[in-house]
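Okay, so here's the structure we're looking at.
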Amino acid sequence: MPRMSSDATSALSGKPLDAPARPAMSRPRHATRWLALLLALACGVLGLALASHYPLQPALAIALYLGVLAASFRWWQAAPLLLIGLVPVLGLATWTGWFVFEELDLLVMAAAAGGYAAYALGRADSKASAWRRPLAPSALTKLLLALLGASVLLSVWRGVQDAGGFEFGWWQGYLESLNSPRQAKGLAYALLLLPLWQRASASRPDRVERGMLFAMCLALAGISLAALWERVAFPGLLNFSADYRSTAMFWEMQVGGAMLDGALLLCLPFALAALLRQRSPALVALLLVLVLMASYAALTTFSRGVYLALPVMLATLLFLSYRQHRARTASLAEQPQHLEAALRVLPVLALLGLFGFSAAQVFEVAGYRGLLALSGTALLLLFAPRQLLVQGLGTRILVLAMAALLGALAAGLSWSVASWIPKSAYGVYALSFAVGAYLVWRPPGRMEPTLRSMLVSSVWFWSLGCVAVVAGNWGGELALRASLWPLALWALAWVWLLGAAPRSATRLLDLGWRVRAILAGVLLVGGAIVSTLEGGAYVGERMATGVQDLGARVDHWRSSYWLLQGEEQRWLGRGSGRYMATLCYAGPVAERVGDFRLGDEAGRPFLRLSGGRHLLDYGGLLRVTQRISLPSGAVTLQARVRASEDAGLHAELAEKHLLYQEARSHKAVAIKGKPGEWQMVQIKLDALASGAGGDWWAPRLITFAIAETASGKELDVGELQLLDATGRSLLSNGDFSQGLARWYFTSDRHHLPWHAKSLPLHLQFEQGWIGLWIWGAVVVAALWRVSLGRARAHALAPAVAASLVGFLMVGLFDSLVDAPRIAFLFYSVLLLGLCLRALPAGVASGARQ
């Protein structure tokens, strides 16, 4: 039998493994290092060229790029994973005007250049044995990735040919040839960084788990904070009636799509997995806040796909996590039996069910204030300590009777105070909750157990009564009476908790603090769900039109499928990035959208706007937009325009993040057709409403936009000047001398023509049936590996599986991977699932010690 290496012996025995010493730099000595050096140089030069053309302060962009490159060389182990966490917030196209190129390109080029340079010069050497490497693709995985890469390359080539051949341009859009490689960037970047992830994980096996959890939690935090700001700044945090769907920092949703939905479903399972495994109270609290913010962001997408995918994703995560736990404890004698485990779960499920039912009833009569009060009282019950149980049935009955009487008297006094002093109901409830929280969480000290139980119970009944006081203060006596019967159920729950046999009650009271903290988060999420469903009409409208919208979506899928002509296109696809262009030229006339592109006349640039063939109502216009500072008073637009046929120019000011306006001022003017002749047009726009711009802590962005209002007509715009009442110029690059820098475009309501609206259909359109089958085989292989294969015991496996399942469910109703940033996130998780494998128990634990 061959002898095991010393590091393997120490790992399996549970002894800590020393981190590899940092190797000294040396010049490349073999072919792979020379290849890595060439790759580092290529990435570095390409990134530097992109940074030098960055539309906003290129000198600063170059400096930041070089700084990230140097940091990636110095911290080559952390940089590739940290990059994932920054992707969702590095989307500045609405400021820069970039479309084909973006900040993701700069970040990936810097990380790749630094990482491959570190390897080429010997800094990234790893002496780890093969069995210690947590990212180890099998031969089948390598074959599948090779086939997937070949299919995508063929799709890019076919797309470029379909666009009329390759032509470079900094400001190309959906119709030109560079859109084909643009849509393949996500997979290409993930494959480019995969060797660096593998080398980093080989040097520290635990880095994959900890680094990926941190990166995905960081990404989720960026997504959630951006969505939270957007809701606060525009429709309002608790406004669930406005027809406003969050977009966060995903500028790719300027023509619709579900990029925010997909990103949330990709990242949320990792935050939940970290929460389930965390032991630090501070980190548990931080992760709970993160999960609550992400839940709010998911609810305010108002996406039926998200609402469908979330429970399936959660069930996948919990099932695989429980199976891992069962496998780890299979040999322990103290492992609970199934019946006992079920009995422990029943009180928890009953408590959650009671909260959901009573929350709906209380919210109906007491609104958000009543729901918040009920949530606080429920948390006091959830965190009730085991020491409240007293021995003897007679003693327990006496304690509960006295406590109910004292609580009722305190609640009655609170009602009197609330009736006498306006708005004092909320202060009285806050006092009862604060006293209850102090008694529940303070150490028992020397207080006699029976007395403490009675005090805590009395204050809890007082707090419960104050929920009714809040309801009565909000909705009057009828609301007070309507709230009493659901609150009576909570009173019975407390009576059961303290009055039942000790063995029955302790199933809830014996829960650890981590479980109770997670249940507290579940209660708060449940409250958010109730407020979303009951607090606004928009969710109801979305659900009511579900069947009608699905019918329209099916018709769109059918039309999209028949865009492919001939057997060759059906088997090999039309080409990467060619969906919108094909629909624009070959689809139904009513689906053909407008366009905009740069032109040049004797060295003088101009912008050509084309009106779509669909209904050009206010939400259907294709807007060319720029972010501006808040104007003072009314503004005046002076435009040099040209039209061969009668056309129309729409101009507007608006408080707008991406798709939906708040306060706005707009006007449209007719442009007389005069072939070859430039005309000067002046449009006056009223001042925005008082308070425009929002608050300093939740600012509302100001945008200026122009659009062509005549269906199928073209309008050339040679120069724009926007002046406010003080004469201040508000536009940058109004003469288009810098191309389309600072300008971007949106289609607020007309979204179907821009996307296939189905991930399988999108892949089949671009890569044909062959590409779709290869892609499906890769996904199945990844799911198999993390659920039943070699990675099933790895700590990340449940999160990876749940992430992929949630993303794929949303992908049933949207294309998703036609946006490079989301595609990069998805393929990063997919490659992790394909390459991940579980290590012997001592390896990861030893590395962490």
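The calculated FRET efficiency for ARG514 paired with GLU568, based on their beta-carbon distance and R0 = 51 Å, is about 0.30. Oblate is the label for the range 797-841. Its Cα gyration tensor axes, ordered a ≥ b ≥ c, give a/c of at least 1.5 and b/c at or above a/b. Summarising the amide proton neighbourhood of ALA634: residues at separation of 5 or more, or on other chains, whose placed amide H is nearer than 5 Å comprise ALA687, ALA725. Sorting the Cα pairs of the range 253-334 by distance into bins of 5 Å, from 0 upward, gives 3, 13, 20, 20, 17, 12, 8, 4, 2, 1, 0, 0 percent per bin.
Taking label points 7 Å from Cα along the Cα-to-Cβ direction, LEU550 and TYR438 give a separation of 5.5 nm. Segment LEU191..TRP769, full-extension length gain: 205.8 nm, with 0.36 nm per residue of separation and the alpha-carbon distance subtracted. Stretching TRP696 away from LEU346 to a fully extended chain increases their span by 121.2 nm, per 0.36 nm per residue minus the current alpha-carbon distance. Between LEU788 and TYR561, the C-beta separation translates, for a Förster distance of 45 Å, into a calculated FRET efficiency of about 0.85. The range 200-218 and the range 666-709 have Cα centres separated by 48 Å. Across the range 396-401, rounded Karplus estimates of 3J(HN,Hα) from the backbone phi angles (6.51 cos²θ - 1.76 cosθ + 1.60, θ = phi - 60°) give 5, 5, 5, 4, 5, 5 Hz, Gly and Pro being marked x. Loop-located GluC sites (Glu not before Pro) across the range 610-659 with a Cβ neighbour count of 16 or fewer within 10 Å are GLU645, with loop assigned by DSSP. For the pair THR636 and LYS142 in one chain, pulling the backbone fully straight at 0.36 nm per residue adds 171.8 nm over the alpha carbon distance. Site pair ASP617 and ALA689 shows an inter-label distance of 2.1 nm when each label is modelled 7 Å from Cα along Cα→Cβ. Averaged over every viewing direction, what's the projected area of the C-alpha convex hull for the range 553-618? Give it in nm², one decimal, please. It is 6.8 nm².
Converting phi to 3J(HN,Hα) with the Karplus coefficients 6.51, -1.76 and 1.60 and the offset θ = phi - 60°, the range 347-361 yields x, 5, 4, 4, 5, 5, x, 4, 5, x, 5, 5, 4, 5, 5 Hz in sequence order, with x at every glycine or proline.
Using θ = phi - 60° in the Karplus curve 6.51 cos²θ - 1.76 cosθ + 1.60, the 3J(HN,Hα) couplings for the range 658-665 round to 9, 10, 10, 7, 9, 5, 8, 9 Hz; x is entered for Gly and Pro. Both numbers refer to the Cα atoms of the chain; Rg and Dmax are 30.5, 99 Å. Across the chain, Cα pairs under 8 Å and at least six residues apart give a relative contact order of 20 percent.
Pairwise Cα separations in the range 662-737 fall into 5 Å bins from 0 onward with the following percentages, short to long: 3, 10, 20, 22, 19, 13, 8, 4, 2, 1.
Taking a ≥ b ≥ c as the square roots of the eigenvalues of the alpha carbon gyration tensor, the range 136-292 is oblate, as a/c is not under 1.5 and a/b does not beat b/c. In this simple spin-label model, placing a label point 7 Å from the Cα along the Cα-to-Cβ direction at both SER732 and ARG542 gives a separation of 3.4 nm.
Here r is the Cβ-Cβ distance between SER644 and ASN239 and R0 is 30 Å; the resulting FRET efficiency, rounded to 0.05, is 0.10.
The mean accessible area for residues of the chain, using a 1.4 Å probe and ignoring ligands and nucleic acids, is 42 Å² per residue. For the range 718-849, carbon and sulfur atoms together expose 60% of the accessible surface, with a 1.4 angstrom probe and every protein chain in place. All Cα-Cα separations within the range 73-114 were binned at 10 Å from zero, giving a P(r) of 28, 49, 21, 2, each value a whole percent of the pairs. Highest mean first, the peptides 623-632, 55-64 sorted by other C-beta atoms within 10 Å per residue fall in the order 623-632, 55-64. Compute the Cα gyration tensor for the range 707-830, then decide on rounded, prolate or oblate, letting a ≥ b ≥ c be the square roots of its eigenvalues: rounded whenever a/c is under 1.5, prolate when a/b is larger than b/c in the other cases, and oblate in all that remain. Prolate, because a/c is 1.5 or more and a/b exceeds b/c.
Summing charges over all other residues whose Cβ lies under 12 Å from the Cβ of ARG664, with Lys and Arg as +1 and Asp and Glu as -1, gives -1.
In the structure shown, the pairs LYS656/LYS757; LYS672/LYS757; LYS656/LYS684; LYS142/LYS185; LYS674/LYS757; LYS656/LYS713 are assessed against 29 Å; a Cα-Cα span above that value is assigned to LYS672/LYS757; LYS674/LYS757.
The values are calculated or read from the model by the stated rules, or taken from the named source; none is laboratory data. What you see is a predicted model, and the numbers here were worked out from it, not measured in a lab. Note that we place each Cβ from the backbone using ideal geometry, even for glycine, and neighbour counts take in every protein chain shown. Only protein heavy atoms, including side chains, enter the accessible area calculation; ligands, DNA and RNA are left aside. Shrake-Rupley method; radii C 1.70, N 1.55, O 1.52, S 1.80 Å.
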